[in-house]
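See structure below.
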Amino acid sequence: DPKMKSALHFLNQGLLTGNTMSRTMSDPSLRRIFDPIVIGMVTLGEETGQLYRIANRIADSKERSLKLTRSLVAALTYPTALFAGIV
């Protein structure tokens, strides 16, 4: 995904210049990618020294959300096609 590649490059540059991950993620150019809850969790991970654990929790949560979305789309595809065929 080109947007994510650009965001990760920007995040990497921010880290290389000495900013924290949460501060770089809070940049206005990245607000469409990283929501405030994720930024808050990263801030907490930085402050407590548990960034690795927090990052894993964020990743697990995003994966579950994506899996649920895919399941819902798959479950609704047949009824939608059937309904469209009737109308």
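For the chain, the solvent-accessible area with a 1.4 angstrom probe is 82 square angstrom per residue.
Solvent-accessible area of the chain (1.4 angstrom probe, protein heavy atoms only): carbon and sulfur portion equals 62 percent. With a cut-off of 18 Å on the backbone N, the residues of segment 12-40 near the modelled label site 7 Å out from Tyr52 along Cα-Cβ are 21. Label-to-label distance, Arg32 versus Leu68, with points set 7 angstrom from Cα along the beta-carbon direction: 2.5 nm. Taken along its principal axes, the alpha carbon cloud of segment 6-63 reaches lengths of 24, 23, 16 Å, longest axis first.
The values are calculated or read from the model by the stated rules, or taken from the named source; none is laboratory data. It should be emphasised that the depicted structure is a prediction, and the values quoted were computed from it without experimental measurement. As a convention, Cβ positions derive from the backbone with ideal geometry for all residues, glycine included, and neighbour counts pool all protein chains shown. The accessibility values were calculated without ligands, DNA or RNA, using every heavy atom of the protein model including side chains. Shrake-Rupley method; radii C 1.70, N 1.55, O 1.52, S 1.80 Å.
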